[in-house]
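Inspection log for the structure reproduced underneath, given as structure tokens.
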Amino acid sequence: MRRINDVQDYIIAAFLLLVAIGLMVNRHDGGLQNMRKVSVTVLSFLEQPLSQVRIYRQAISTNTYLHRQNILLQDELSRLRSAEQQNEILRNLLNMRESSPIPLIPVSVVSKDLISVNSSMTISAGIEDSVDVGMPVIDSNGLVGQVIITDQNFSQVLPYSNSMFRVSGQIENSRAYGIVTWSGESNRELMMQFVPETIEVNPGQIVSTSSYSNQYPPGIPIGEVIRVQKGQGIETQTIYLRAYSDLFTLAEAFVMDFTPDTTVINLNESQQELF
């Protein structure tokens with residue numbers, strides 16, 4: 001009984017304190033509501049700039065992600081375009097091989113030197129593939145050059161952009177022919193000389209290998225006429241061509257299994273011996 005009397009005062013004080021707090025809260029409920037409104041208003045003002053910062057950071061993150069995805073898509077698109085171009089080239093080469101009356105030996109370009117005037121190319125076929133010196137090299141667009149050196153598995157090609165290159169060309173819809181050489185100005189620019197001025201030549205006409213050449217079969221496209229320059233003091237004109245084959249992008253080609261007619265060669269040699 002003494003113990004209850006000892007804590008009785010504390011129990012009563014605690015009870016009265018709780019009652020006082022309850023009365024104070026109920027009495028000042030409106031004030032608390034106002035305080036809540038003020039706090040909500042202040043927090044809303046503070047949240048607005050913070051939300052802008054959050055939105056800005058999210059925009060930067062999204063922009064970085066989209067930029068990365070754009071780069072990946074562009075890379076994928078570039079690979080697909082390259083594969084499509086490669087397939088188109090191979091398809092044209094296959095069609096050309098099936099329709100050619102002359103046997104064609106498929107080759108790949110191993111190396112190129114197209115900078116100097118003595119440019120050259122190396123292809124992945126040689127004596128073991130029946131490649132011989134003098135055989136023409138072509139792609140699906142036209143004449144590339146001529147084999148000049150052969151090894152067991154590789155051969156060196158004299159391309160049309162070499163200063164030593166020569167081929168007899170004929171203008172379409174005309175019996176006029178001349179000698180086609182590299183102009184020395186640009187990689188794909190050729191010039192055709194010794195064409196009489198009386199022969200009308202217009203830009204856009206096609207020049208192909210002529211039947212007068214014993215080194216190349218006739219009808220191989222060489223290039224397209226881009227301009228004509230009249231000779232001064234002579235009765236011939238110089239015709240400038242744009243070669244059909246692009247040596248810089250050339251990766252696959254054919255070697256034509258063509259050998260000159262020995263009868264024509266023997267006649268030429270006999271004529272040279274006479275003089």
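The values are calculated or read from the model by the stated rules, or taken from the named source; none is laboratory data. Since the model is a prediction, treat every value here as computed from it, not as a measurement. Counting neighbours? That spans all protein chains shown, and the Cβs are built from the backbone with ideal geometry, glycine included. The protein model used for the area step is the full one, side chains on, heavy atoms only, and it has no ligands, DNA or RNA in it. Shrake-Rupley method; radii C 1.70, N 1.55, O 1.52, S 1.80 Å.
Kindly indicate whether any position in the range 104-116 is outside any loop (DSSP other than H, G, I, E, B) and modelled with pLDDT under 85.
Within the range 104-116, none of the residues are outside any loop (DSSP other than H, G, I, E, B) and modelled with pLDDT under 85.
Cβ-Cβ below 7 Å, separation at least six or inter-chain, first residue in the range 109-124 and closer than 11 Å to L247 by Cα, second open to solvent by 60 Å² or more (accessible area, probe 1.4 Å) and assigned to a loop (DSSP other than H, G, I, E, B): which pairs?
Matching pairs, first to second residue: L114/F248.
Can you list residue pairs whose Cβ atoms sit under 6 Å apart, with the first residue in the range 214-232 being without any contact (Cβ under 8 Å) to a residue 40 or more places away in the chain and closer than 14 Å to Q193 by Cβ and the second being in a loop (DSSP other than H, G, I, E, B) and not charged (D, E, K, R)? Count only pairs 6 or more apart in sequence or on different chains.
Taking only residues 6 or more apart or on different chains, the pairs are V228/V201.
Restricting attention to the range 192-219, and to residues there that are under 15 Å from T181 (Cα atoms) and open to solvent by 10 Å² or more (accessible area, probe 1.4 Å), which single residue is farthest from the chain's Cα centre (by Cα)?
Among them, the one singled out is F194.
Can you tell which of V255, V225 is in a strand (DSSP E or B) and over 29 Å from V133 (Cα atoms)?
Among V255, V225, only V225 is in a strand (DSSP E or B) and over 29 Å from V133 (Cα atoms).
Which number in (1) polar (S, T, N, Q); (2) within 30 Å of T249 (Cβ to Cβ); (3) modelled with pLDDT of 75 or more marks the one condition that S82 misses?
Result: S82 fails condition (3) only.
How many of the residues in the range 108-121 are open to solvent by 10 Å² or more (accessible area, probe 1.4 Å) and under 25 Å from G219 (Cα atoms)?
Selection size over the range 108-121: 3.
Looking only at the range 125-162, which residues are open to solvent by less than 50 Å² (accessible area, probe 1.4 Å) and in a loop (DSSP other than H, G, I, E, B)?
Once the filter is applied, which keeps residues that are open to solvent by less than 50 Å² (accessible area, probe 1.4 Å) and in a loop (DSSP other than H, G, I, E, B), the range 125-162 yields A125, G126, V131, G134, M135, D139, S140, G142, Y160, S161, N162.
Quick one: would you say G178 is part of a loop (DSSP other than H, G, I, E, B) and modelled with pLDDT under 95? Spell out how you get there, then give the answer.
Working: part of a loop (DSSP other than H, G, I, E, B): no; modelled with pLDDT under 95: yes.
In short, no.
Which numbered condition in (1) assigned to a loop (DSSP other than H, G, I, E, B); (2) surrounded by fewer than 19 Cβ atoms within 10 Å (Cβ to Cβ); (3) modelled with pLDDT of 85 or more is the only one that G233 fails?
Tallying (1) assigned to a loop (DSSP other than H, G, I, E, B); (2) surrounded by fewer than 19 Cβ atoms within 10 Å (Cβ to Cβ); (3) modelled with pLDDT of 85 or more, G233 fails exactly one: (3).
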